[in-house]
Amino acid sequence: MSERIGRNKLAASTFTNPSLASPGIPTLANPIRGFSTQINTVLPQTVTEVAPDLQEVQSADEQSLEPEAIKEKPLSHDISRIPLRCPQAKLTVGQPEDPDKQQAEWVSDRIMRMVTPWAANQVMRQVLPRQLHVSSVQPMQESLQLKSAADDESKIIQREDAPAKQEDPWDLMAQELGKNSYDECTADLKETTFLGQSVKQVHPELIDMLQKAEPNIKKALGDDYKIGVSSTLRRKQSLHGWGLAIDFDVLHNPYILNEAGEQKLDQELIIAYDEIANFMLGTSSSINSIKQGRSAFGNSVGNAYDQLKLESDAQKQYFAFMSDETKLKEFLLKNWQRLHPDNTMTPNEDTLNAEVKEIQNKIKNNYLILGGKDENNKPSPVNGGGDRPFAPKSSGGKGDPKTGFLNMPKEFVIAMTDAGFAWGGIDLAGASGDIQHFDTRKGTYGSKVLPIIRKYKSKKK
C-alpha cells in the first residue's frame, strides 16, 4: 500500500499546469486582496502537522494505519506557487470493487466522525490528495458533501417536527387577571367557616357572600341548621377552578339537566321528567324552562324554587309507587280523572290490576334513566358520555331518584341569592339545572373571570 501511495505522490508532484506561470492568477505567494487574512501562507513541513486537531481525536490504532513513509517524510516540492483557483484534472470514480475507492470511503467516514464538515473539507483539499490515489479523491469529497447535506437536512427536519411548546390556557387566563400563573391565583385562596363548618380554598369574594348569607339563614332556619359542603376548589374547572363556586349536598341536590357534554343524555332525561310531571301533576315539566333563567318564573327565585320543589316532591311519590302497588291503585282511583280530564283511560276495579303492572314497568324504566340502580345494584350505562343525575361519578355513583332532586330549604336558597350568589338551578343560562351549586358570577371579581373562561373555552373548541 505504501509503495502505491508513494508512486501516486511522486506523480502528483511532477504534474505541471500552464496557469502556474500566469501572474494574473492569485497564488499562495500572491493572494488576491481580501483573502490575505483567511489563508495560511505557511504550510506545515510534515503531514502529521497539517491537522493537529485531527491527530488529537485519532486513536492509536487509527494512527498506526497510516504508512510510515507518509508520517515521517517531509514534503519536498514547492507549493508557494500553487494557484488557489487552478483547474483540476478530471478525476475518475473507481469501480465498485476498486480498493482506492474503498479506502476513500473508509477515510471519509472516519473524518466525519472526528471533525466538523468544514474542517474535514480542509483536510481533503490540503492533505489527502498527497496521500491517496488521484482516483480516490473525488468520491471521497462527494461522500463528505453528501453526508454534510444529509446532516443539515436532518437538523431542519428535527426542528420542523419538534412540537411547539403550548402555554397552559389557565396560566394565560391568570395573566389576564394580573397574575403570573394559575398557581399564583390559587395560592391566594383562603379558608373560612360557614354554618359551623370549615370551608377551604375559596376566594375572598365568595367568603364575603357567605358571611352576608349566614345571619339570614340562621334567622330563618335556626342557629343549629347545617348543610354539607360537597366541594369548593376543583382545579381548572369553570368558576370552581378559581375558588368562586361552592356545592352543597350533591347526592340530594343533583345536577338534573344541561350538564356540559351530556346533550345526548339530556334527550332521555327530559322525557322522563315530562312523564313524571304529567302522571303526577297533569302538566309538562318546568325543568324544560330552566335555561331561560329567572324570567321563566316571573323573575323570582322564590317562584322558581316553588315550581321545582313541587316536581321534586312529586318525583319522590312517583318512585314510591314502583314497589307499593296499593298506593298506586289508590292514587289512580282518586286523582287520575282530576289530573287528566281529557284522558280516555278510566281506572276501575276490574281493569286496575293489569294497568298497575304496566304503569309500574314504566316507572321502573324512568327510575333507571335518572340513575337508579338495577337488580345488580348498578346504574344504566350512558351512551354519549356523562353520568346520570342520581349516579354522579364525583360521588362514586351514589344517589337515588326516590329522594327527589331539591332538598335544600327555600330559605337557604333565598338567603344565598340575596347575598349575591347565582343559583345553579336557574342562573347558569344554558347550563342551568345544577341544583347544588352557587357561584359569584354576579360579583365584581366573578363577573370579570367568567368572560375570560368562556373566551378560552371557545378557543379550545
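Return yes or no: is Lys316 closer than 16 Å to Asp274 by Cα and in contact with a Gly (Cβ under 6 Å, 6 or more places away or on another chain)? Answer is yes for this residue.
Taken as a whole, the condition of being of a type in the set (S, T, N, Q) and open to solvent by 60 Å² or more (accessible area, probe 1.4 Å) does not apply to Thr351. Among the numbered conditions (1) closer than 16 Å to Trp423 by Cβ; (2) assigned to a helix (DSSP H, G or I), the only one that Asn299 does not meet is (2). Scanning segment 354-364 for residues that are farther than 20 Å from Ala272 by Cα and surrounded by 17 or more Cβ atoms within 10 Å (Cβ to Cβ) gives no hits. Residues that are in contact (Cβ under 8 Å) with a residue 40 or more places away in the chain and among the hydrophobic types (A, V, I, L, M, F, W, C) within segment 180-208 comprise Cys185, Leu189, Val199, Val202, Leu206, listed in sequence order. Open to solvent by less than 10 Å² (accessible area, probe 1.4 Å) and not basic (Lys, Arg): is that true of Ala422 in this structure? So Ala422 passes the test.
Of all the residues in segment 370-418, those that are open to solvent by 40 Å² or more (accessible area, probe 1.4 Å), within 23 Å of Arg441 (Cβ to Cβ) and at pLDDT below 95 number 1. Between Lys226, Lys200, Lys212, Lys155, the distinction of being at pLDDT 55 or above and either farther than 30 Å from Met408 by Cα or open to solvent by less than 50 Å² (accessible area, probe 1.4 Å) (or both) belongs to Lys155 only.
Could you check, for segment 329-336, whether at least one of its residues is closer than 30 Å to Asp434 by Cβ and surrounded by 11 or more Cβ atoms within 10 Å (Cβ to Cβ)? No, the conditions are met nowhere in segment 329-336.
Matching residues to (1) β-branched (Val, Ile, Thr); (2) assigned to a helix (DSSP H, G or I):
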site: Lys309; (1), (2): no, yes
site: Phe319; (1), (2): no, yes
site: Ser323; (1), (2): no, no
site: Lys327; (1), (2): no, yes
site: Lys334; (1), (2): no, yes
site: Asp342; (1), (2): no, no
site: Val356; (1), (2): yes, yes
site: Asn365; (1), (2): no, yes
site: Asn376; (1), (2): no, no
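Residue count for segment 243-298, restricted to those that are at positive phi and of a type in the set (Gly, Ala, Ser): 5.
Tell me, please, whether a residue that is within 18 Å of Asp434 (Cα to Cα), touching a Pro at 6+ places or on another chain (Cβ under 7 Å) and open to solvent by less than 50 Å² (accessible area, probe 1.4 Å) can be found in segment 312-319. Yes - at least one qualifying residue is present in segment 312-319. Taking segment 381-417 as the range and being more than 19 Å from Leu308 (Cα to Cα) and in a helix (DSSP H, G or I) as the test, the residues that pass are Lys393, Ser394, Ser395.
Within this structure, Tyr367 passes the test of being surrounded by 19 or more Cβ atoms within 10 Å (Cβ to Cβ) and farther than 23 Å from Gln211 by Cβ.
Taking the numbered list (1) touching a residue at least 24 places away in the same chain (Cβ under 8 Å); (2) of a type in the set (D, E, K, R); (3) under 24 Å from Phe321 (Cα atoms) in turn, Glu259 passes all entries but (3).
Considering the conditions (1) free of Cβ contacts under 8 Å to residues at least 24 places away in the same chain; (2) over 25 Å from Gly425 (Cα atoms); (3) under 55 Å from the mean Cα position of the chain (by Cα), Asp350 is excluded by exactly one of them, (3). May I ask you to say which residue of Ile246, Ile290, Ile270 is within 28 Å of Arg454 (Cβ to Cβ), assigned to a helix (DSSP H, G or I), touching a helix residue (DSSP H, G or I) at 6+ places or on another chain (Cβ under 9 Å) and open to solvent by less than 10 Å² (accessible area, probe 1.4 Å)? Within the list Ile246, Ile290, Ile270, the selection yields Ile290. Of the residues examined, Pro254 is not one that is at pLDDT 95 or above, surrounded by fewer than 14 Cβ atoms within 10 Å (Cβ to Cβ) and not hydroxyl-bearing (Ser, Thr, Tyr).
The values are calculated or read from the model by the stated rules, or taken from the named source; none is laboratory data. Everything numeric here is computed off the predicted structure, so don't read it as measured data. Ideal geometry is used to build each Cβ from the backbone, glycine not excepted, and the neighbour counts take in all protein chains shown. Note: areas computed on protein heavy atoms with side chains; ligands, DNA, RNA excluded. Shrake-Rupley method; radii C 1.70, N 1.55, O 1.52, S 1.80 Å.
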